[in-house]
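The structure appears below as structure tokens.
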Amino acid sequence: MVWRWYHLGMIVEGRTERLVLRPLELADSAQIQEVFPRWEIVRFLMNVVPWPYPPDGAEFYVREIALPQMERGEAWHWTIRPARAAETIIGSISLIRREVDNRGFWLSPEWHGQGLMSEACVWINDFWFETLGFEVLRVSKAVANTTSRRISEKQGMRLIGHGEKNYVSGRLPSEIFEITRDEWRAWKAHLY
Ligand SMILES: CC(C)(COP(=O)(O)OP(=O)(O)OC[C@H]1O[C@@H](n2cnc3c(N)ncnc32)[C@H](O)[C@@H]1OP(=O)(O)O)[C@@H](O)C(=O)NCCC(=O)NCCS
């Protein structure tokens, strides 16, 4: 295992059956810029994502936002890569220390519908609860984002609230889900 220690936080490379989750680096910006700016990816992300996406959008995000968050121990960001072609970035997944929206993810559309993000989330949830030691994970999703909501529902998260949020595609109804560490452990025990 390769551990990288930051000022307050820590991050480690993740491996699942089909994926490598590699800690985000500045050198990833060019590939992210190629893959990320697509409507299917951004429409249900929070409107902090600039749209249309500027030519230096990925580099600005990685250098000015994501890496400083990691250095401050506020967030943990990984690129998602196929285990068989680990040089290729196909998505990203993040954990963030705050009240709600502790986890965010996107995957390149060519790779959708194979259970890959569900697979990544199992490793990531373990990291949140067992490595970082948090007691609850909360996420919010646009109600219209059926695929993303399905991942939360099938991995044992409970619906705890409704609201509205500003997404790249506009202000939309949203739902908040949560799972505690004990619930996550019970869900995993049921899985195996
Ligand atoms: C959300 C996202 C990461 C899902 O990735 P993925 O690898 O395709 O997801 P998975 O295959 O692991 O799981 C998707 C689940 O949703 C289900 N699903 C997909 N489309 C669906 C639909 N229209 N209605 C109901 N269920 C649907 C799948 O069947 C699967 O559930 P299952 O395992 O029970 O069959 C991907 O769609 C994405 O990148 N979207 C754009 C970014 C985004 O919205 N991120 C989340 C912000 S909250």
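Only the coordinates and a few stated rules stand behind these numbers; no lab work does. Since this is a predicted model, take the numbers as computed values, not measurements. Cβ atoms come from the backbone with ideal geometry, glycine included; neighbour counts cover every protein chain shown.
For segment 31-47, what are the residues that are surrounded by fewer than 13 Cβ atoms within 10 Å (Cβ to Cβ) and either under 15 Å from the mean Cα position of the chain (by Cα) or more than 24 Å from Lys165 (Cβ to Cβ) (or both)?
Glu34, the sole residue that qualifies.
Is it true that some residue in segment 56-73 is near the ligand (Cβ under 9 Å from one of its atoms), under 19 Å from Leu21 (Cβ atoms) and touching a helix residue (DSSP H, G or I) at 6+ places or on another chain (Cβ under 8 Å)? First the steps, then the outcome.
Taking segment 56-73 and keeping what is near the ligand (Cβ under 9 Å from one of its atoms), we get none.
No, that holds for no residue.
Between a residue in segment 22-47 that is within 21 Å of Asp101 (Cα to Cα) and within 16 Å of the ligand (Cβ to nearest atom) and any residue that is outside any loop (DSSP other than H, G, I, E, B) and of a type in the set (D, E, K, R), which pairs come within a Cβ distance under 9 Å, given they are 6 or more apart or on different chains?
These pairs meet every condition: Phe44/Lys141; Met46/Lys165; Asn47/Lys165; Asn47/Arg171.
Go through segment 95-126 and report how many residues are surrounded by fewer than 19 Cβ atoms within 10 Å (Cβ to Cβ) and more than 9 Å from the ligand (Cβ to nearest atom).
Qualifying residue count, segment 95-126: 9.
Given the condition free of Cβ contacts under 8 Å to residues at least 60 places away in the same chain and either over 13 Å from the mean Cα position of the chain (by Cα) or surrounded by fewer than 16 Cβ atoms within 10 Å (Cβ to Cβ) (or both), answer yes or no: does some residue in segment 69-82 qualify?
Looking through segment 69-82, at least one residue is free of Cβ contacts under 8 Å to residues at least 60 places away in the same chain and either over 13 Å from the mean Cα position of the chain (by Cα) or surrounded by fewer than 16 Cβ atoms within 10 Å (Cβ to Cβ) (or both).
Restricting to segment 144-161, name every residue that is surrounded by fewer than 17 Cβ atoms within 10 Å (Cβ to Cβ) and more than 9 Å from the ligand (Cβ to nearest atom).
Ala144, Arg158, Leu159, Ile160, Gly161
Of all residues in segment 83-94, which are surrounded by 16 or more Cβ atoms within 10 Å (Cβ to Cβ) and under 15 Å from Pro23 (Cβ atoms)?
Ile89, Gly91, Ser92, Ile93, Ser94
Looking at this structure, is Val143 touching a Pro at 6+ places or on another chain (Cβ under 6 Å) and within 22 Å of Arg38 (Cβ to Cβ)?
Considered against the rule, which asks whether it is touching a Pro at 6+ places or on another chain (Cβ under 6 Å) and within 22 Å of Arg38 (Cβ to Cβ), Val143 comes out as yes.
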